[in-house]
Every structure is written in structure tokens, then in C-alpha cells.
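Working notes, structure below.
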Amino acid sequence: MLTGSFHWQPVHTVYVPAHRWSVRTVREWGEQARALLEEHLAGPEELAEVFGVPLGLARAVHPRVAAKLATEPIEDVRIDFEDGYGTRPAEEDGHAEAAAEAVLELHRTGGLPRRWGLRVKSFADDEERSLRTLALFLERTGVLPGCTVTFPKVLEEPAVHRFAERLPAGAGFELQVEDPRTLPFLRPGLHERLTGAHFGVFDYTAALGLPPHEQRLDHPACDHARHLMQTAFATTPVELSDGSLAAAPASEATADVHVLWARHAQLVRHSLGNGFYQGWDMHPSHLVSRFATVYAFHLARYDEYAARVRAWEEQRQVGGVLDEPATIKSLAAALRRADSALGHAG
């Protein structure tokens, strides 16, 4: 029924401050997420309650989450030399070199996530430092499979081209939309090596003057920015990613963990419903709510979508629905995206 292949896109990007990154990071995040799952989400009943999904769906999701955390807890990682790292002029060279050595060891042992890379400082903050860290890091690692570089706080188009010129052959880059000044120059063909555009909720909402308690991914101003990003790159292979929830469980108590998961799930569902299938995760607890929400989103309508595509192919109706050709294309794309996220062939 579904011919052809679907380009794999990770469901998340995990951000780890560079001074905390090591060969143990991926394993430790997975271990911490599994421990949270076992202690605070023992079975499908708890998952149904926390994430607000039917019990039957929860029974399909829970074992998938457990298996994912055991086998691939992180699909995409950025070693962060920007906001998560801060300003450490005397240490950054050493941290860049140490981070690169850890990447090489993980690559050698098969422990490197399918996607990986670094986020350097913004040119708006320190162009010289940004390029030095980029050079120190990639001189050691080279452009290994899955490598990408994140370029934050892009305020002017010329900076995009200056940055791209300093990338080694074979390396792609993502830009971050963190300021209203970025939106006007987003367009197809912005740069041939541009592979992604990531939304930065906190800088963006701060630049608009929103009060701190309204700096959230589901604010209407963020919906507007993301829609402009979609419009700019709709005809291109540029991947879009949403931002993050800057929160962790308030304590180790089950009630606090559940509150965090419920809020994170609400934001992830909002992103998915608006066509942003990737987002940032900043804490091991986010892995549980990320995968639970993504799996529930795709599984909830999988059978319905498949039935409608089959009905179209067989020229019959399902439940009185008269699908248009454009809708069939969307249904087929949704099924391929679900297969990609769920890790099966459909």
C-alpha cells in the first residue's frame, strides 16, 4: 500500500551542556529515564491516567516506551556550547577537545546516537569564539555519519553565509529561529547546506516582550512564528523542530514527576498537532513523556488512516468520508512518518 521510503527525522534533540558531556552521557540518560518509568509509571494504567489516553492505547504504548529507553534513549544529541554552557573563556578549548574525543569513542563503540552534533555560540555574542570551537571540535571528529551543527540566534542573513563557509565539506547545519528578525529572510534556497530550522521559545518570546510566565511553546505568538517557518520551508527538505520545556520534576515524589510529564506531554501534543514532529528535550525525565506522547499520537489514528488509504485505492468509502487526493497524500505521509517514529515497516 505505501510504496517508497520516508526520510527519517528524529523525534527529539537532546541538549547537553558541553562540560557535562562524556562517553557515559547517553547511557546515563537512558538509565535515569528507565528508573523514572519503573518507579512512577509502572504499567499501562498509570500511563493512561497521566497522559490522558485510553487504556487500550496505553497498553500498546507502555511496552514501546520501555523498549525504546532500553535500546535507543536518545535519537539526536547536541553538545551545547551556547546558553546551556555559558561563558567559560579559559575552559572552552579544553571542553571542545574533550567533547570531540568522547564523540570519537562513542562512534568507535557504536554508542553514538543516529544524529549528533554541537551547538556553538551565536555570532551575535562572539563570532570568533563560535568559529574557534567549531574548528577545534570538527578538526578532531571529522564529519562522521549523522553530524550536524546548530547555529543559534541568527539575526541577519549574511551571518548564515559566513557560518556556512567555515563548515568542513559534508557537514550540514541548522539555524535557530530565536528572534523576530530571523523570520523575514527565511525562504527556500536560503543556503544549500541548511538541513534544519529549530524554534527557540525563550529568546523569541523575550524579544517580543512577553512576560516570563507566558514564555511557553503553546503561546499564540509561538504558533505564528512556527507557521511562518513552515511557510518558508514547505517546499524544501529542511527539517523543522520545536523548542523545549525548561523544567524538571520539582522533586522525586511521584506527584511532581507526573505533573512534569503531563505538562510536557501537553506541549509535545501541541507541536505534533501543528506539524512540528521534532522537539528539544533537556532532562532525562523528558524522554519518558516524549516517547509516550509521540507513540500515542501516531498509534491513535494509524488504523483509521490506513483504512482510508486502502479505501481510496479500492475506490470505496469508509464511514461516509469522501477524501480528496491531497488528503490521501497527507494520510500516506502520516503513515510513513508513524512507521518511521515507531520503528516498523507499517
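A few comments on the model shown:
- Cα coordinate range in the range 48-102, projected on the principal axes (Å, largest first): 54, 22, 11
- Solvent-accessible area, 1.4 Å probe, carbon plus sulfur percent, for the chain: 52 percent
- Normalised by 2.2 N^0.38 Å, where N counts its residues, the alpha-carbon radius of gyration of the range 170-236 equals 1.16.
- Residue-span extension gain [LEU155 to ALA300] - 0.36 nm each, minus C-alpha spacing: 48.2 nm
- Convex hull volume per residue in cubic angstrom - Cα atoms of the chain: 145 Å³
- Solvent-accessible surface of the chain, taken per residue with a 1.4 Å probe and all protein chains present: 45 Å².
- Using just its DSSP H runs of length 4 or more, each adding -39500 (n - 2.57), the chain gives a mean residue ellipticity at 222 nm of -16500 deg cm²/dmol after division by all residues.
- In this label model, VAL143 and ARG162 are separated by 2.2 nm, measuring between points 7 Å along each Cα→Cβ vector.
- Residue with peak Gaussian network fluctuation, the chain [Cα springs, cutoff 10 Å], from PRO184, PRO113, PRO325: PRO325
- Charge context of ARG27, other residues only, Cβ under 13 angstrom, K/R +1, D/E -1: -2
- When the Cα positions of PRO237, ALA102, HIS286 are compared along the charge dipole of the chain, PRO237 comes out farthest toward the positive end, with charges on each C-beta of Lys, Arg, Asp and Glu.
- About the centre of its Cα atoms, the chain shows a dipole size close to 780 debye [charges on the beta carbon of Lys, Arg (+1) and Asp, Glu (-1) only; nearest 20 debye].
- Cα-Cα separations in the range 51-156 greater than 17 Å, expressed as whole percent: 59 percent
- Applying 1/(1 + (r/R0)^6) with r as the Cβ-Cβ distance of LEU104 and GLU314 and R0 = 51 angstrom yields a FRET efficiency of 0.45.
- With a cut-off of 11 Å between beta carbons, the residues surrounding ARG226 carry a summed charge of -3, where Lys and Arg count +1 and Asp and Glu -1.
- Estimated from the Cβ-Cβ distance and a Förster radius of 30 angstrom, the FRET efficiency linking HIS191 and LYS329 is about 0.60.
- For the range 97-143, radius of gyration divided by Kirkwood radius, i.e. Rg to Rh on alpha-carbons: 1.04
- The candidates TYR305, TYR85, arranged from most to least accessible area with a 1.4 Å probe in the full protein assembly, appear as TYR305, TYR85.
- A Förster radius of 30 Å, combined with the Cβ-Cβ distance separating GLU39 from LEU210, puts the computed FRET efficiency at roughly 0.25.
- Note on the range 129-224: the C-alpha convex hull projects to 7.1 nm² when averaged across all orientations.
- The radius of gyration of the Cα set in the range 236-331, together with its Dmax, comes out at 17.5, 55 angstrom.
- For GLU239, the residues 5 or more places off, or on other chains, whose built amide H falls under 5 Å of its own are GLY196, ALA197.
The values are calculated or read from the model by the stated rules, or taken from the named source; none is laboratory data. Predicted model, so just to flag it, every value in this text is computed and none were measured. We place every Cβ from the backbone using ideal geometry, glycine too, and count neighbours over all the protein chains shown. Each accessible area value is taken on the protein alone, full model and side chains, heavy atoms only, with ligands, DNA and RNA left out. Shrake-Rupley method; radii C 1.70, N 1.55, O 1.52, S 1.80 Å.
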